[in-house]
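Please read the structure below before turning to the comments.
The values are calculated or read from the model by the stated rules, or taken from the named source; none is laboratory data. Since the model is a prediction, treat every value here as computed from it, not as a measurement. Positions of Cβ are generated from backbone atoms using ideal geometry, with glycine treated the same way; all protein chains shown enter the neighbour counts. What goes into the accessible areas is simple: the full protein's heavy atoms, side chains included, and nothing from ligands, DNA or RNA. Shrake-Rupley method; radii C 1.70, N 1.55, O 1.52, S 1.80 Å.
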Amino acid sequence: MKAEVEFTGNAQYFSQSPQYKISYGDHPLADELFFKSTSLLFSNKLEEIKVKSTEFYEYKAPFPVEDSALPFDVFAASFFIVTRYEEYLHQQKTVEGFKPVMSLQHKWKVLERPIIDEWAMILKSIIKKKYPDFRFPGKSFSSQPALNFNLTPDIPDGFLNKTRFVFSSLFQKENNYISSKFDEFTGVRVKNEMVLEQLKTRFAKKSGKPVFFISIPHISSDYIHKAHLAEGFSKAPVGLLRPCASDKEKTTAIKNDLSLLRELLPEQIIPISQQLEPLKFPICYLNILNLGVLADYSMGYQEAPGFRAGTATPFNWYDLQLEKVTALMIHSYCITDTQLQYLSPADAKNEITAYIKAVKLVDGAFLSCWNLKSLSANPKYKKLNTLFNLLLTEVAD
């Protein structure tokens, strides 16, 4: 809500204060706006909890309470969802990724809505009713597509270099050369530089500028041609794709990738990242924080659309194990091109329109995720290209 708040645990100071007041506890102190609390926010440890829920509008809200401004503990509910509390517990039990159908948000029928932002709007209404003179700072809708692609190396000159490079391509899964040659042979090869150049025109008169994420092949930088690469981004922010790591070897590789990106695009690289592989808590975020990454765009599901952290507002990641707010800013995406490509054109259009409408309603930040090749002129990606144009039109209206 962007409102300034002062916190106190001193009942006498609270009662004597002339400010607009809200109390959060077992019972009200006077005639202030009162929200009954549950135990979650007063705990300092991560533990298995059985979360109850209550009917609220057309969905279920967690942490039900009585004799309160709302029939559920909205602060505990928001904290539980945005910190991904249930995913921490999931990772303690198994190494398997967390699927959207496993989430309590799915069970409560709120996964498709930026529910925390909606609760914030309800809170605003309650506060304004109690304190009509209180003024909230303004907030406005914004949109930004996240575009990602693999940086494809070019075959080097010279017999020995070519031989070394081809054998490297065969034995290293990270190398994109073989797959790119297969795409070229089958006629679906997309040249990144060409698509980047076309995007310049598409975004020239649009307010929502894209953010780019690049996956780096694990080869010598000598095999990566720098020509025209920087020009295609039109000074848009560029970050690293797939940076999650769970061991020292991978962390070192990520560090090297970031260095290479800064070498390729020294004026555009900023410390941001995105990964489209299973996002695991807290290891993925801890590792990129240690590498100096300050913003991450990985909060979302690849399997299905939805608001994984329950919000369309960027927020600082809270580490439940260390019990502290970190410097890592989290940007959540709610829809991807991989989810849209298997839908009929009509269903895909409805999906895009519904999510944009949901985010506009709460003046949030609409973030979608696209593979760069999906926006090319190749006939294979015609449907996705059309849907992307629709998205740009919808967010501008």
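Structural remarks
- Any hit, the range 341-352, residues being open to solvent by less than 20 Å² (accessible area, probe 1.4 Å), within 16 Å of ILE115 (Cα to Cα) and assigned to a helix (DSSP H, G or I): no
- For the range 91-99, the criterion of being among the hydrophobic types (A, V, I, L, M, F, W, C), modelled with pLDDT under 95 and either assigned to a loop (DSSP other than H, G, I, E, B) or within 25 Å of GLN321 (Cβ to Cβ) (or both) is met by at least one residue.
- Of all residues in the range 301-318, those satisfying the criterion of being more than 16 Å from ASP117 (Cα to Cα), out of contact with any Leu (no Cβ under 7 Å at 6 or more places or on another chain) and not aromatic (Phe, Trp, Tyr) are GLU303, ALA304, PRO305.
- Across the range 12-21, the number of residues qualifying as open to solvent by 70 Å² or more (accessible area, probe 1.4 Å) and under 16 Å from ILE127 (Cβ atoms) comes to 2.
- Number of residues in the range 110-135 that are surrounded by 13 or more Cβ atoms within 10 Å (Cβ to Cβ) and outside any helix (DSSP H, G or I) equals 6.
- Residues that are open to solvent by less than 100 Å² (accessible area, probe 1.4 Å) and in a helix (DSSP H, G or I), drawn from the range 27-77: LEU40, LEU41, VAL74, PHE75, ALA76, ALA77
- You will find that of LEU279, LEU289, LEU240, the residue that is closer than 22 Å to ALA146 by Cα and either part of a loop (DSSP other than H, G, I, E, B) or touching a His at 6+ places or on another chain (Cβ under 9 Å) (or both) is LEU279 and no other.
- Within the set LYS373, LYS383, the sole residue that is assigned to a helix (DSSP H, G or I), closer than 23 Å to LEU241 by Cα and touching a residue at least 40 places away in the same chain (Cβ under 8 Å) turns out to be LYS373.
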